1. Arranged from highest to lowest average of other beta-carbon atoms within 10 Å per residue, in what order do the peptides 368-376, 491-499, 516-524 appear?
2. Using R₀ = 22 Å, calculate the FRET efficiency as 1/(1 + (r/R₀)^6) where r is the Cβ-Cβ separation of Leu197 and Arg526; round to 0.05.
3. For the full complex of protein chains and a 1.4 angstrom probe, list Lys388, Lys481 by accessible area with the highest value first.
4. Going down the table (Lys370/Lys449; Lys103/Lys144; Lys461/Lys481; Lys244/Lys516; Lys388/Lys516), which pairs top 20 Å between alpha carbons?
5. Highest mean first, how do 436-449, 340-353 rank when packing is the count of other Cβ atoms within 10 Å averaged over residues?
6. With the other protein chains left in place, how much accessible area per residue, in square angstrom, belongs to segment 95-159 at a 1.4 angstrom probe?
7. Grab the Cα-Cα distance for Asn100 and Glu364, subtract it from 0.36 nm times how many residues apart they are, and report the gain in nm with one decimal.
8. Just how much of Cys410 is accessible, in Å², when a 1.4 Å probe is used and the result is rounded to the nearest 10?
Amino acid sequence: MQLHFSPSMRSITISSKNGFIDLMKIKVAACHISYRTLFHTILILAFLLPFVFILTALVTLEGVNKCSSFDCLGRRLGPKLLGRVDDPARLVRDFYNILNEVKTREIPSALELPDSFDQLVSDMKSNQYDAKTFAFMLRGMMQKFEREIRESKFSELMNKHFAASSVPKGIHCLSLRLTDEYSSNAHARKQLPPPELLPTLSDNSYHHFIVSTDNILAASVVVTSTVQSSQKPENIVFHVITDKKTYAGMHSWFALNPATPAIVEVRGIHQFDWLTRENVPVLEAVENQNGIRNYYHGNHFAGTNLSDTNPYKFASKLQARSPKYISLLNHLRIYIPELFPNLDKVVFLDDDVVVQRDLSPLWEIDMNGKVNGAVETCRGNDQWVMSKHFRNYFNFSHPLIAEHLDPDECAWAYGMNLFDLRTWRTTNIRETYHTWLKENLRSNLTMWKLGTLPPALIAFKGHVHPIDPSWHMLGLGYQNKTDIESVRKAAVIHFNGQSKPWLQIGFDHLRPFWNKYVNYTNDFVRNCHILDS
């Protein structure tokens, strides 16, 4: 059978080839739509329908088959059928515009902020928030969490300050037990050093070390580490100075635990004839003036606007308000020439240092007529420890400071210092120190805040001889990322800062350098649970 369409598409002829000639002609009535057009339309749809099927399958696989109406499906398929695809850059740009708009507007007071990301997602699903509401919630949550983190950081710094300023119960126990031992045990009261060794205390052929502290355990580590690191410990004389309340316990420790073959002298401040209040009136004012005591012992949050400062600046202010800075023991080093009138050269050590190398070569350094051999702290790569200039310690908006000091002048380190006492006695270093302390007291501590180093920087100005940095490594009490290999190589490591190794806030990876010189087998140490504290 064959179909024949007339050229005008108005008649169709049907014929068969079965041996007979069948002829049928059908006339088609005229209509508004031509059958040629209809034929072409059917032909086009025949080609399009497979593509529509494929697109529908792809959309289904992409997860957009959740549409429940032809309208939704049309909105999904329409751009694809028309050849238009969503522009990711445009979506990102629209989102940025929403964020910028939300950034400059107040967060609606009625908006309830979720406490977690999971709750945010749940609220978004249940409440069908638009993009702007989501942005407001995101901004509110960020501000809330930033505020909570900031408050927690300040609380952490304050708690750390209190921990650093307090005496651990183990060390307090050690002092009490040794004091009691001094009163009940004659061996604890024996003379230090023995009478036959008294001439060594002023013999300049020996290497004299001075440490000033009320921390018995710390003093023992300084002495022990120095003696064990020395090539000739029999040539060492230690002068340990402490206050009146700690004197009995300190004496007991070194009487019962001699640092043989080194020689140790223990003296209390009250035993120095020269060191009277008549000679140190400024320090009496520092210790007793109510305003000063309130500054160091009062409410550290008072007068501080936490929104106008950052945690780093706040931590620096707290460290500057350590009570040790008004202790006479801390200022005592400025009186060394008068306290030891027969000595020519000494090494002063802070109680938070550990000696790891023989220090006898220090006595061979040519000081070139200078008084103070110290490591400069402005020539290293470490921005926290070895980048200190005068600007870091002084308030250069004060006219006296701006007039007399250079903000770019290099600072130097206290804690391990070689002092030429003969040269020192020819200078006015002590008088300069007193003068500037008085000025700072008159200015209500507006010239500097941090302890004894600032006045010493002024007093020793022009009298400092730089020594090699390998002699003295600083920052182990506040620099957590200290290079361990550098610590091992340093002659003296200094735990300056709040995180002392005998405190729980000390850095665990640095504490072993200090612990190795603590005698944990000692009965007093064990009974006071020093290892546990």
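The values are calculated or read from the model by the stated rules, or taken from the named source; none is laboratory data. If you're wondering where the values come from, they're calculated on a predicted model, not measured in any experiment. Here the Cβ positions follow ideal geometry from the backbone for every residue, glycine too, while neighbour counts run over all protein chains shown. All accessible areas refer to the heavy atoms of the entire protein, side chains included, with ligands and DNA or RNA removed. Shrake-Rupley method; radii C 1.70, N 1.55, O 1.52, S 1.80 Å.
1. With the highest mean Cβ count within 10 Å placed first, the list reads 491-499, 368-376, 516-524.
2. E(calc), rounded to 0.05, equals 0.15.
3. The residues order as Lys481, Lys388, largest area first.
4. Lys370/Lys449; Lys461/Lys481; Lys244/Lys516; Lys388/Lys516, as the Cα separations exceed 20 Å there.
5. Result, highest mean Cβ count within 10 Å first: 340-353, 436-449.
6. 72 Å²
7. In short, 88.3 nm is gained.
8. Rounded to the nearest 10, that gives 20 Å².
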